[in-house]
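Okay, so here's the structure we're looking at.
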């Protein structure tokens, strides 16, 4: 089992009366990409600030790269790269100057700046003021800043918001390269379709509480969402196979994830169907299901005090 | 694999200061500040006597008095313009939060910014007022070099302290403000109150009653306003007419006490600013 990059152990944080994080626990293994999801005000920013050592938990313990993290200790800060949401760098400085400044602060050799700008496709604009950069160029500059010291942990807050598909693809492509090299990444995003193909794990927060945590398969299983199975011959087979009738809806079979394997075996062995198209619920469906469950709990007056929904 | 080098504290402060200076130069504030100070110094030196109907170089005390009177308005304003967005600007841009994730402490960030903004104003003040001193040394009315140099050394030193005091006040407001516009608005209101209104109230108090209690209160009030302190220091230092402060017939404070109070202001503000920054959640 790989070493844990980030561990939250029963962490709570309060801003006066507001409970920003509530008894949150999870462990993120090294080298994985975790999507951090949740509605506005769910506690995502608080969680990120705790990982960065900008906020101290009121209760519990946060451990980052094997060290207990708090504002007083910045021991791991060269090992952590961070891209804040909507950052607007020093407009009057050039891209090269901005990156050189952050490199100097992190103790990275100035020689590393030019190759990094090249790697991020910004070499042609490195001597232009950042004011003249497009949104995509600024994000690439921000990303380059985040990986200046080749961090072991990368935190990206809404890295693709407002970017065109090509620029978003570039960001996730780079992210994939980094995680393949062993870097752990946490991506806080609302763009679920973009992050879904890349993620290893997802953490869904709601009102400061952990709503779900795990791989996409685990989340789907945990949500009780159905797997869609489609085949042109299904309509004809339903009449002769009573087992299929209980799953048949609108031309497809819809079954719980837990029964997927059994049903697939049945379709193959009993119905001789070998090319059934299986569609698992996507991240967006999981997310909306979790949010809906939270809403129902709230309307029923049930507090989210312990465990996952 | 990239090389990561452990940087000593002073080097990090210098990195921040260099970036701040570069940023200020590109924002043209530095040019504006330099232009104002040079224009002010040369006008007061060459054209100061024109007010009295002559076209000769004014006396040392007259130049110092003129420069002091105008500097009281200009130095705080220049300090505010240069530094009002030091923290709130970075917070709005998101770079302050990013900076705090780097291996650099809040004290180092504060020191770097102060070094840059203080350095810019020191260079502007020292070069412009120094040129006035040089003109008086060469073409002056026969005052000794010692008199001119000591009067200008005091003027430049106290001007720099006043500049740093207002830079720190700007930092405090910048740290406490949620947006740049609010910060600059609050600082201009503060400038207006300290530089204009405060003096008028002081005068009112003096004219209304010159009894012992009022005198004591006025002396105390001078210590409580850095701009009045600055004025008093330079008027006393150059034996110049005290202007509105001349009404202080029973002036009790000595120059060392005034200077010490000025330094106390600086140290107190530095401590307070650092404390506010350390406690600030970004």
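Please give the helix B:180-191 orientation as an angle from the longest Cα principal axis of chain B, in degrees from 0 to 90, rounded to the nearest 10.
20
Springs between alpha-carbon atoms under 10 Å, Gaussian network over chain A: tell me which of A:55, A:263, A:216 tops the mean-square fluctuations.
The residue that fluctuates most here is A:263.
Once the piece of chain linking residue B:25 and residue B:205 is laid out straight, how much longer is it, given 0.36 nm per residue of separation minus the C-alpha distance between them?
Once the chain is fully extended between residue B:25 and residue B:205, it gains 60.5 nm.
Springs between alpha-carbon atoms under 10 Å, Gaussian network over chain A: tell me which of A:280, A:93, A:267 tops the mean-square fluctuations.
Highest fluctuation among the options: A:267.
Efficiency by 1/(1 + (r/R0)^6): what FRET value for residue B:182 and residue B:149, r their Cβ-Cβ distance, R0 = 45 Å, to the nearest 0.05?
On the way: r = 43 Å, r/R0 = 0.96.
My answer for the efficiency is 0.55.
Quote the relative contact order of chain A in percent (integer), defining contacts as alpha-carbon pairs under 8 Å separated by 6+ residues.
On the way: 535 pairs, mean separation 59.9, N = 309.
Relative contact order, chain A: 19 percent.
So what is the relative contact order for segment A:226-279, in percent, with contacts set as C-alpha pairs under 8 Å and at least six apart? Kindly include the intermediate steps, with their values, before the conclusion.
Working: 53 pairs, mean separation 27.4, N = 54.
Relative contact order here is 51 percent.
Pairing the Cα long axis of helix B:106-139 with the longest principal axis of chain B, what angle in degrees results, from 0 to 90 and rounded to the nearest 10?
Once rounded, the angle reads 30 degrees.
Quick check: from the Cα gyration tensor, does segment A:226-279 come out rounded (a/c under 1.5), prolate or oblate? Write down the numbers at each step before the final one.
Numbers: a/c = 1.30, a/b = 1.15, b/c = 1.13.
Rounded, because the longest to shortest axis ratio a/c is under 1.5.
Describe numerically, in nm with one decimal, the distance between label points set 7 Å from Cα along Cα→Cβ at residue A:19 and at residue A:109.
5.2
With runs of 4+ DSSP H residues as the only contributors, calculate the mean residue ellipticity of chain A at 222 nm using -39,500 (n - 2.57) per run, divided by the residue total and rounded to the nearest 500.
Working: 11 runs with 106 residues, N = 309.
Roughly -10000 deg cm²/dmol at 222 nm, from the helical runs in chain A.
Over the alpha-carbon set of the protein assembly as shown, divide Rg by the Kirkwood Rh and report the Rg/Rh ratio to two decimals. Present the calculation step by step, with values, prior to reporting the outcome.
Details: Rg = 32.8 Å, Rh = 28.5 Å.
Across the protein assembly as shown, the Cα-based Rg/Rh ratio is 1.15.
Once you've got the GNM for chain A with C-alpha springs shorter than 10 Å, pick whichever of A:266, A:14, A:82 has the biggest mean-square fluctuation.
In this elastic network of chain A, the residue with the biggest mean-square fluctuation among A:266, A:14, A:82 is A:266.
Among DSSP bridges having both ends in chain A, what percentage is antiparallel? Round to the nearest 5. Working shown, then result.
Details: 31 of 49 bridges.
Antiparallel: roughly 65 percent of the beta bridges in chain A.
Normalised by the residues of chain B, what does the relative contact order come to in percent, with Cα pairs under 8 Å and at least six apart?
Details: 302 pairs, mean separation 74.4, N = 282.
Value for chain B: 26 percent.
Compute the separation of the alpha-carbon centres of segment B:152-202 and segment A:53-67 and state it in Å as a whole number.
One Cα centre to the other: 39 Å.
Output the antiparallel fraction of DSSP beta bridges having both residues in the protein assembly as shown, as a percent to the nearest 5.
Numbers: 32 of 50 bridges.
Around 65 percent antiparallel, to the nearest 5.
How far apart, in nm, are the 7 Å Cα→Cβ label points at residue B:73 and residue A:176?
So the label points at residue B:73 and residue A:176 sit 6.6 nm apart.
Once each part is reduced to its C-alpha centroid, what is the distance from segment A:1-41 to segment A:220-249 in angstrom?
Cα centres, segment A:1-41 to segment A:220-249: 37 Å.
With axes computed from alpha carbons, what is the tilt in degrees of helix B:9-26 against the longest principal axis of chain B, rounded to the nearest 10 within 0 to 90?
Roughly 70 degrees between the two axes.
Values quoted throughout were computed directly from the atomic coordinates according to the rules given, and no laboratory measurement underlies them. What you are looking at is a predicted structure, and each value in this text was computed from that prediction instead of being measured. Note that each Cβ is placed from the backbone with ideal geometry, even for glycine, and that neighbours are counted across all protein chains shown.
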